[in-house]
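Below: one structure, written as structure tokens.
The values are calculated or read from the model by the stated rules, or taken from the named source; none is laboratory data. Bear in mind the structure is a predicted one, so any value in this text is a computation, not a measurement. Cβ coordinates were reconstructed from backbone atoms using ideal geometry, including for glycine residues, and neighbour counts include every protein chain displayed. Heavy atoms of the whole protein, side chains included, go into the accessibility calculation; ligands, DNA and RNA do not. Shrake-Rupley method; radii C 1.70, N 1.55, O 1.52, S 1.80 Å.
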Amino acid sequence: MKLDATDLRYVTSEEFRVLTAVEMGSKNHEVVPLTLITQISGLRNGGVNKLVGSLAKRNLVSRVQNAKYDGYRLTYGGYDYLAMRAMSKRDTMTSVGNQIGVGKESDIYIVANAEGEEMVLKLHRLGRVSFRTIKQNRDYLGKRKSASWMYMSRLAAQKEWAFMKILYEHKFPVPRPIDQVRHTILMEFIDAYPLRQVAEVENPGKLYSSLMDIIVRFAQAGLIHGDYNEFNILIRRDTGVPVVIDFPQMVSTSHPNAEWYFNRDVECIRRFFKRRFRYESNLYPRFKRTLSEGETDFKLDVMVEASGFTKKDQKTLDEYMEAVREGEGDNDSGEEDEEEVEEEEEEEEVANQQEEVEANQHNEADSTGGRPLSLSPSSTPRASHSQLNPLESGNADPIAEVEEQLAELVILDEPNRSLSRSPPNSRPSSPSRSEPDSENDVKTKVQHDLSKRRAQQQRKYHSKRSIRNAGRPQGSKAKQDKKIRRDQFWE
């Protein structure tokens, strides 16, 4: 959700007390009952009802009607307010500005302190995209079912704070950390551009070598970034020096998949420089060689573990990341299966409609009699039973009468298709030779085209896929053309 700090100055201390009680009750309860909120906050029952109602109006808590009891649940807005109040009490942050960045699992805002110094506030929002799928796939925290996403956000913030602090103390190109509370991190504001927005560089080889040197320095210190790409690298406006950000996914070189993470970081930089700057170099670091040349008595991963972020927290966060990847994979496979089923249903509908059109066409042909026999003007279309059976007629010379009837008939070279014993669908189509037949063929073709067009329109506007994608922008945000062209506008 988007941060709205306008009501922060109007929230009273008693309301913050109730909000803290909801947070404490969420540790052991999926839905915190009102009696527990009253017990933890230590306020009167009637006053708590009024305070919880005012918090619910501001979307700081949400009411949940459970089967056994009704209660309240803490929202991300309430969690943001608790973190910002703690920072304001420490005098590290006094005002909130505009949002300057948004990601899959974090939001970035401009803030300032009492002296007017601009800083960056990062709000972790893990589980915002795929929390429902993770909850269905794996219960990785036991009793912490509903509050696990906030707990994971707090763990990610603690991990990034620990890594950023250690890296900044050892002169790595990272932002200066200022404060950390709950799921938020306060860091210095850097006047820089993301690398993905840089279109031209005077010396791409120099920038390439500096980025590879940072990867090597990380690995020799015992760390691997894990998400080292153009989105997490900033280029300073004045000096052009790169700055690395985003550290929640950082792993140690002793990780079982450390070599795979290292090679992925290297390939991301090589692929970006080849695509954007047309620069490709055969020189790039190797994992084993980098570790052999590194310092043995200087390991930042050990220092981070000693700073408070333990292996237990790292294991919990790794399990969450694996659950996210599995959930995204299951969603992709499920969407593919749904698309296949929808395609099969659409193909069956089109086939059924074509069969109905063909059956109607053959029924119309059968009702008109197909191709008529070419008879003389004086003859009838079909001889009656009495005429074909001369023995029952009263004429004296039946043989002469039959010969006269046969002489009046005109035998065609082409057989009559309407008298065939085969079903209509199995009859071969013969080319038309007369004007009425050509008119029938034109009508049949027009009917077939109309039915085909109606089937396409029905499949386009009434299928499940069109309903699901209605109103959604197609493609990624980078590929969407949001500009209004002059010719299209005036048309």
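Being basic (Lys, Arg) and either under 32 Å from the mean Cα position of the chain (by Cα) or open to solvent by less than 30 Å² (accessible area, probe 1.4 Å) (or both) is true for just one of Arg17, Arg63. Which residue is that?
Arg63
Given the options Thr20, Thr6, Thr75, name the one that is at pLDDT below 90 and hydroxyl-bearing (Ser, Thr, Tyr).
Thr6
For region 234-260, which residues satisfy the criterion of being farther than 26 Å from Tyr193 by Cβ and open to solvent by 30 Å² or more (accessible area, probe 1.4 Å)?
If the condition is that a residue be farther than 26 Å from Tyr193 by Cβ and open to solvent by 30 Å² or more (accessible area, probe 1.4 Å), then Ser254, His255, Pro256, Asn257, Glu259, Trp260 are the ones that fit.
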